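Before any comments, here is the structure.
The values are calculated or read from the model by the stated rules, or taken from the named source; none is laboratory data. None of these values were measured; they are calculated from a predicted model. As a convention, Cβ positions derive from the backbone with ideal geometry for all residues, glycine included, and neighbour counts pool all protein chains shown.
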Amino acid sequence: MKISIIGTGYVGLITGACLADLGNSVVCVDVIEDKVKSINSAVPPIHEEGLLELLKKNVGKNLSASTDAKNAVKNSNITFIAVGTPSRDDGSIDLKYVEESAKSIGKALKEKNNYHVVVVKSTVIPGTTDSVVIPILEEFSGKVAGKDFGVCMNPEFLREGKAIHDFMNPDRIVIGEYDKKSGDKIYKLYKNFNCPIMRTSLRAAEMIKYAANAFLATKISFINEIANICEKVGVDVCDIAKGVGLDHRISPMFLNAGVGFGGSCFPKDVRALISEASEENYNTILLNAVLNLNEKQKMRVVEIADNIMDLSDKNITVLGLAFKEGTDDIRDAPPIPTIENLLRRGAKVSVYDPEAMENAKGIFGNKVKYCKNIESALKDADLCIIMTEWDEFKEIYDKFKLMKNSIVVDGRRILDPIKAEKYGIKYYGIGYHKNQIR
Ligand code: UGA
């Protein structure tokens, strides 16, 4: 099929690259010329596993990028809207990019005669596709949804860092459809995927996305609360998560306790759902608690460190700046407020992250020391805090001897406390009690 995609962020670019790899002809559209140039030269504008290979394989054949939305829409049969929906200060989402995309698609549809389906992939509050997107499309095209063009809402469930894997191996595909004809067209695009394909209303598809992210965020705050109790009662949260996760109704996924969730999705989406519910006069007791606990959790490692030593003037190493492993993304990343807190306490902070150093420079400027590797970050440090679950931090037991004191606060529970002790490391961790009560 011929596809155009508006927006070349994580979602748009991964969707475009994967759909091209599956044999469709895809044009990715963005207003930022540098991104367009980068994609057309098969250079990924973001760090994402497998993206370089996909671009190399498909650019110049059935994948290209352009700043010309009108032509891209006119020369395709399906257009995905995959632009950002950033948070406003009150937590609600800002739809300006979705609205702008709908306008330019509408203008292109005006000059088009054959049937076209517009698919909203951006995460939008229930009701947005039918009450915002469709009216704009109709106004600017002079055409009628359902009669002259189709509309679907197709949420994404891609994890950053694993987005290509997730796209190619989905647990499910959700197609919210304005009418059967629109849904049939998108169903055809996905019919060869080996997973359930759920067809539903536009609003239900929009809500499924929010409910999925809110549930996963809740699961993380739940295990973090359990971790905090574990520290008090003398057990290890990793054992507890294992025992609980063996119940197939619960599953072990997303039961990793730590410094809390970050990124461009969970915090923003939970805030948006709370804001929407409050507009409807509903008080979200559980979701408020999920966010509150998450905010406190980001400081848990500082509390632990503070109990170990007076942090002022100490050399503190922070390993990990990205909001999770496999990405250079530091949006809403827990290490940011943690480092700010350490600096406020007068600590001297050295940082290292395999991918996110450049992004962090934009936030911390010269307030922290940027180290080129783990060794130089650890050298002569009084204490090390692990903030991101990078694989390369998992087997560094012997490197802690470079520190002045081998004291480690494991904010992600990626080290084995018993092994750490064998290496002479004084180990502290979220949800870990030093003297486990047997
Ligand atoms: C999340 C969802 O997992 C995707 O399904 C969804 O499509 C995406 O948001 C989105 O809405 O676009 P992502 O934010 O990329 O994906 O990352 P996750 O792997 O879900 O991790 C989110 C945060 O939770 C990270 O900070 C991670 O470190 C943390 N986390 C995750 C934990 O603290 N514990 C866990 O057990 C799992």
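A few remarks follow.
- Looking across 268, 209, one residue alone is under 18 Å from residue 124 (Cα atoms) and in contact with a Phe, Trp or Tyr (Cβ under 8 Å, 6 or more places away or on another chain). It is 209.
- Residues of the range 71-94 that turn out to be assigned to a helix (DSSP H, G or I) and within 27 Å of the chain's Cα centre (by Cα), as a count: 0
- Of everything listed in (1) within 16 Å of the ligand (Cβ to nearest atom); (2) at negative phi, the single unmet condition for residue 406 is (1).
- Residue within the range 133-156 that is of a type in the set (A, V, I, L, M, F, W, C), outside any helix (DSSP H, G or I) and farther than 21 Å from residue 74 by Cβ present: yes
- Filter result for the condition that a residue is modelled with pLDDT under 95, more than 10 Å from the ligand (Cβ to nearest atom) and out of contact with any Phe, Trp or Tyr (no Cβ under 6 Å at 6 or more places or on another chain), over 183, 234: 234
- When the residues of the range 382-397 are filtered to those that are touching a residue at least 12 places away in the same chain (Cβ under 8 Å) and farther than 15 Å from residue 411 by Cβ, the one that is surrounded by the fewest Cβ atoms within 10 Å (Cβ to Cβ) is 391.
- Pair list, Cβ under 6 Å, 6 or more apart: the range 135-159 residue under 30 Å from residue 323 (Cα atoms) and at pLDDT 95 or above, other residue away from the ligand (no atom under 16 Å from the Cβ) and of a type in the set (S, T, N, Q): 153/129
- Cβ-Cβ under 6 Å pairs, at least 6 apart or on other chains, the range 209-228 side farther than 22 Å from residue 85 by Cβ and of a type outside the set (Phe, Trp, Tyr), far side outside any helix (DSSP H, G or I) and more than 10 Å from the ligand (Cβ to nearest atom): 227/431
- Taking each residue of the range 420-438 that is farther than 19 Å from residue 397 by Cβ and looking for partners that are at pLDDT below 95 and among the basic types (Lys, Arg) with beta-carbon atoms closer than 9 Å, six or more apart or interchain, yields 433/232.
- Some residue of the range 337-357 being within 16 Å of the ligand (Cβ to nearest atom) and among the small types (Gly, Ala, Ser): yes
- Residue match in the range 123-146 (condition: basic (Lys, Arg) and farther than 18 Å from residue 179 by Cβ): no
- Single residue of the range 262-308 satisfying the filter (part of a helix (DSSP H, G or I) and of a type in the set (Gly, Ala, Ser)) that is nearest to the ligand (Cβ to nearest atom): 272
- Close Cβ contacts (under 7 Å, 6 or more residues apart or on different chains) running from residues in the range 356-368 that are touching a residue at least 24 places away in the same chain (Cβ under 8 Å) to residues that are assigned to a helix (DSSP H, G or I) comprise 363/336; 364/339; 367/343; 368/339.
- Selection within the range 186-231 - β-branched (Val, Ile, Thr), assigned to a helix (DSSP H, G or I) and away from the ligand (no atom under 15 Å from the Cβ): 186, 229
- For the range 235-243, the criterion of being in contact (Cβ under 8 Å) with a residue 12 or more places away in the chain, surrounded by fewer than 18 Cβ atoms within 10 Å (Cβ to Cβ) and not in a strand (DSSP E or B) is met by no residue.
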